[in-house]
Amino acid sequence: MQYQSLIFDIDGTLWDSRALVAEGYNRQLRKEGLDHLAITAEELRPLFGKPLPEIAEVLFTEFAPAERVALIDRCTVSQNQLLQEDPCHIGYPQVQETIAALSRKYRLFIVSNSNQGYPELCMEKLGLTPYIEDHLCFGDTGTSKGQTIRTLMAKNHIENAAYVGDTQGDYEATLEAQIPFIWASYGFGQPQGYAHKIQTISQLLEL
């Protein structure tokens with residue numbers, strides 16, 4: 001592999017948290033008497049990878065934009081509480097072992113469209129904290145994923161990197177950030193382009 005650094009997406013790339021996220025959201029919706037808005041893991045599939053305001057626009061159409069964002073922020077707090085409580089046996093096969101092996105040769109990072117706290121939970125639960133040098137998310141920057149990637153690269157003086165993700169949105173982010181895209185085809189999306197394709201995360205070791 002010709003890259004010096006790898007930047008990873010989370011959902012659909014490192015783990016599949018849809019069921020737990022849906023449960024966390026539904027806990028908050030029940031608490032607020034909004035049971036009719038309960039969601040399923042499958043409903044989240046096409047939404048994962050999008051910024052939270054866009055997800056809120058799909059899930060909570062009956063509210064005004066500001067109320068939608070406030071509600072989804074409360075739902076993500078509930079989601080993170082559940083993820084903290086749960087053992088989170090939701091990582092894809094060989095994630096921890098692959099990340100550990102890659103860290104011996106490459107600088108590793110995470111960029112996600114999540115709120116703050118989510119990348120840290122993923123790293124903690126999957127045992128990745130010792131191997132990930134830095135991370136940024138939408139909650140940190142409030143910008144597009146492509147711009148968040150560029151911010152992370154500038155902050156860490158990264159000149160040569162590829163992004164590992166699974167959706168069209170991830171691919172578009174790499175076009176904006178002007179870095180190659182490695183498609184995790186075991187994830188949630190069908191992007192229109194990629195530089196490399198992997199069917200398991202461990203295949204990164206073969207590139």
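The values are calculated or read from the model by the stated rules, or taken from the named source; none is laboratory data. These figures come from a predicted structure and were not determined experimentally. Ideal geometry is used to build each Cβ from the backbone, glycine not excepted, and the neighbour counts take in all protein chains shown. Just so you know, the surface numbers come from the protein's heavy atoms only, side chains and all, with ligands and any DNA or RNA stripped out. Shrake-Rupley method; radii C 1.70, N 1.55, O 1.52, S 1.80 Å.
Given a 1.4 angstrom probe, what's the average accessible area per residue across the chain, in square angstrom?
In whole numbers, the chain has 45 Å² accessible per residue.
Pull out a ≥ b ≥ c, the square roots of the eigenvalues of the alpha-carbon gyration tensor of the stretch 34-130, then state rounded if a/c is under 1.5, prolate if not and a/b is larger than b/c, and oblate in the remaining case.
Here the stretch 34-130 falls in the prolate category.
With only Lys, Arg, Asp and Glu charged, each at its Cβ (+1 for the first two, -1 for the last two), find how big the charge dipole of the stretch 84-207 is about the Cα centre; round to the nearest 20 debye.
Dipole magnitude for the stretch 84-207 comes out near 320 debye.
How many angstrom lie between the Cα centre of the stretch 47-95 and the Cα centre of the stretch 145-172?
21 Å
Quote the charge dipole size of the chain about the Cα centre in Debye, to the nearest 20; the model charges only the Cβ of Lys and Arg (+1) and of Asp and Glu (-1).
Computed about the Cα centre, the dipole is about 360 debye.
All other residues with a Cβ under 12 Å from the Cβ of Leu47 taken together, and with Lys, Arg as +1 and Asp, Glu as -1, what is their net charge?
After counting each charged neighbour, the total is -2.
Taking the simple approach of a point 7 Å from Cα along Cα-to-Cβ for both Gln190 and Ala41, what is their distance in nm?
Taking the simple label geometry, Gln190 and Ala41 are separated by 2.2 nm.
Of all the accessible heavy-atom surface of the chain, with the other protein chains kept in place and a 1.4 Å probe, what percent is carbon and sulfur?
The C+S portion of the solvent-accessible surface of the chain is 48 percent.
Can you give the accessible area of Met153, probe radius 1.4 Å, in Å² rounded to 10?
Using a 1.4 Å probe on the heavy atoms, I get roughly 10 Å².
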